[in-house]
Amino acid sequence: MNNNDVTMTSQQFDRTAVPLYGCRTKLKSSKGRFPLARLYGRRTTMNNNDVTMTSQKKSTAPPYRCRTKLKSSHLSRSAVSARAEAQTVPSYHKYHSSGDDGDVIVGRCTATAAVEADPSCLAAMVPMPRNYQPRNILTTDRTNLEKAFNHRIETGCSIRTACNLFGVKVSTLGDAFTRSLKESDGRTFVPKHQNIKKVFTDAQEHFIEEYSIKISRMFYGLSTRAFRRMVLKYAEAVGSPAISDVWRRVGMATRDWYYGYMFRHPRLALKAPEGMSLARAMAFNRVNVEVFFKAYVEAVERHSFMPARIFNLDESGLSTVMKPCKVVCEKGRPVASQVARERGNHMTFVGIVNAAGHGFPPVFIIARKKMHADFQRGTTPGTTVLLQANGWMDHECFVQTLEHLHKVSYSSMENKILLIMDNAECHMSIHAAEYAIQHGIVIVTLPPHTTAKLQPLDVSVFGPFKSVLRSIQDDFKLSNTHVPITEHMLPEMACKAWDKVCNVTNITNGFRATGIFPVNRNIFPDDAFAGAEVTEQAPPDDDDDLPQTLAAPLTPSSLEPDQPQPGPSGIGRMSPAFFASAASTPEAAPQPRQTPTPTASSPPILDVTPEAVQPYPKAPPRPAARGRKKIRACILTEDEEALDQLREKEKKKAAREEKKRRSEEKKREKKREQEARQAAKRRRRSEPVEASSSDEEAADNPALCDDSSEYSDEFAEELEHDAATYPFVQKEPEVGDFVLVQLVFKGKRSEELVHFVAKVISLEEDGRLQLDFLRIKSPLLKDTFHFPAIGDVDSVDRSRVLGVLTVSTGTTQRQANLIKVLPPLRDFNMH
């Protein structure tokens, strides 16, 4: 061995392994402690028996230990994957993450060649940890150290005795007394200041955690980049002295700080949020929930309903092609599942349950026009199948659904039931309300857009039902390859899934989670209404401006007028008593927090929260709602105001249908008349007409057409129709007016009605009119005419004039000779 070459044989150093994943290794000699040459290798060769490193540069002999770092970017995919197979690592290997890939300290080699030469070297591959713990971090608990210090001061025992009592190292406690003598009086515990620069204190990090949780509950959660930008703003606002220059250069906190913060706060996690509509976020507020519970409790107390007489009804969409279940497959590669087609056939499933935990036969609404016996094959006895053009619930189908509910619940005027349902458009009809009143069904409607929280079927039944139905479809797909699921099979599968999930546990949990049974008005905590705080508006100064300030006029009459109502949340409208009490309370109008501006020399600010730097989202006041007004939560069958609203709605619907029917009838009549005219025209053209000597003259000069008042029967209908449909000016022709003239053109073999636009020159004594005929300029539009270069003046009988036209002249010199008729004469045979 010399200073130039170092040779190590793997047979002699059987415990030596070469690490390949960005780490440092200390190599020891197996024959005593003799110095090894420092390795500044430029070239490395490896084989199965020997590991040879040749240095091309002379250097002095280092201590008996040396370090080597290999380039991790040279690792192949197989080498990186094989590191998971490593179970043990030699104890004399020391690993340290430097974070600078490719920075060769001592030697460099190719990972592929190393793996091919000696596969055993993969045992030393260990992933670099992200949470590296520095060596200067204290391993002794500060609380125990302080207790041991105070115990020795109080009792006067030795240092070793105090260390044995509290599990503290002797040297650590000795350093504590030495530090106390230097910095204090020797009897006061002085903690050791760690050599770590923290950007935030523990209290400030807690503020960030609470801010992130609350803004996510308001459905405006921060992404990783938005969170890191907010952290930088907050660090600058509190005047943290440990802000890195990298933070300011990239405009956000670094990724390493983000992962460290998430590790220190296990309450936080990165999740993919679900979509939440604005209407649903606004509607679920304390006011709407109180209104619903008031109506519900009033109905229960009025009729003394037992749990078995409290029902819930809701619809859910089913398809022959549903989302496949999860499958076992190879890790790291996408997987697909066989389906019959891209989109399946749709149908509506209506589920019915009661508060006692019982499920009832469902109702299916299928998009068919003819009933088939296979639709009810294998279904639960008592199942009803309805047919609708689109497979959706409508007013007629809902009345039939109430008939099904009446049969399975045995409701009557003496034994009423309570039905809780949403106020969807298909449910709100006067016919359904009247049927419910006549058959002992008391209906309580839920507030709009709150079914995800207040409807038991949506909370605990429909989710398991869809999961079981998907598994049944997957089992059928595995047993019947390339056999598609049709609408005839889907009701049977849905009934099997419904019978499986309709157990007492699932159903009663839904009624309990919504607070319906047992009745619990406070089932929802305050943070459940955080989404409605975005649209929450401050109380107005004047009660007259109340409808314009808040989004919807909704006043819960369940609360006493002399008590303050819950704070305005979303679309709820508050009572004047609440505004008066809120105005007199100091907390009603908090002053906005002033965010101080820190300087470079100012101390850290401890009372600033992230809300002061980046406020919570707040929506501006919304205008008054337009369009259809939904019925609020109420006892539908006993609320006269709601019933009157349904009757008015039915009247408007009937008026719209009548108007639509008249319009369609008018279109059909017009189409029949047009077809009759075309048939008459074809019939006239097909009939031969004797030619006369004046045919050539009439063809050359339209003014020579027959202007007699005697019309044939074929032309009488067309003449009457044209005069009746076109909007003529209701007056007699005068000099200077433009009129529409209808003449009969006699050809060689047929007759034809032709129309001209003419200007009245004079009125003759015998009832005839002296007219100056115009020529058409736009044959397609039939709205622009002009006078010919040679005037065409003739006398026409008054009966040939259909009416006076509304015309306009051009505004420019070029268009001065153009006459435009309004509206265009498209229904006439213009020349």
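Please treat every number below as a calculation from the coordinates, not as lab data. Computed from a predicted model, the values in this text were never measured in an experiment. Cβ placement follows ideal geometry from the backbone for every residue including glycine, while neighbour counts extend to all protein chains displayed.
Using only the alpha carbons of segment 351-497, determine the length spanned along each of the three principal axes and report them from longest to shortest in whole angstroms.
Principal extents (Cα only, largest first): 52, 35, 27 Å.
Kindly flag which residue pairs out of Lys147/Lys192; Lys214/Lys271; Lys294/Lys649 have an alpha-carbon separation exceeding 18 Å in this structure. List each step's numbers first, then the result.
On the way: Lys147/Lys192 15 Å; Lys214/Lys271 15 Å; Lys294/Lys649 26 Å.
Table pairs above 18 Å Cα-Cα are Lys294/Lys649.
Of the listed pairs Lys660/Lys731; Lys681/Lys782; Lys453/Lys477; Lys667/Lys731; Lys369/Lys671; Lys630/Lys667, which have alpha-carbon separations greater than 23 Å here?
The answer is Lys660/Lys731; Lys453/Lys477; Lys667/Lys731; Lys369/Lys671; Lys630/Lys667.
Ranking request for peptides 799-806, 141-148, 352-359: highest mean number of other beta-carbon atoms within 10 Å first, then the rest in descending order. Intermediate results must be reported in sequence, preceding the final value.
Numbers: 799-806: 18.1, 141-148: 16.2, 352-359: 20.6.
Ranked from most to least packed, the peptides come out as 352-359, 799-806, 141-148.
For segment 455-505 and segment 726-775, what is the separation of their Cα centres, given in Å?
76 Å
Would you please put 666-676, 760-770 in order of how densely packed they are, using the mean number of other Cβ atoms within 10 angstrom per residue and starting with the highest? Intermediate values should be presented prior to the final figure.
Numbers: 666-676: 11.0, 760-770: 13.0.
Ranked from most to least packed, the peptides come out as 760-770, 666-676.
Please report, in whole Å³, the volume per residue of the convex hull around the C-alpha atoms of segment 292-378.
On the way: hull volume 19.3 nm³, N = 87.
Convex hull of Cα atoms, per residue: 221 Å³.
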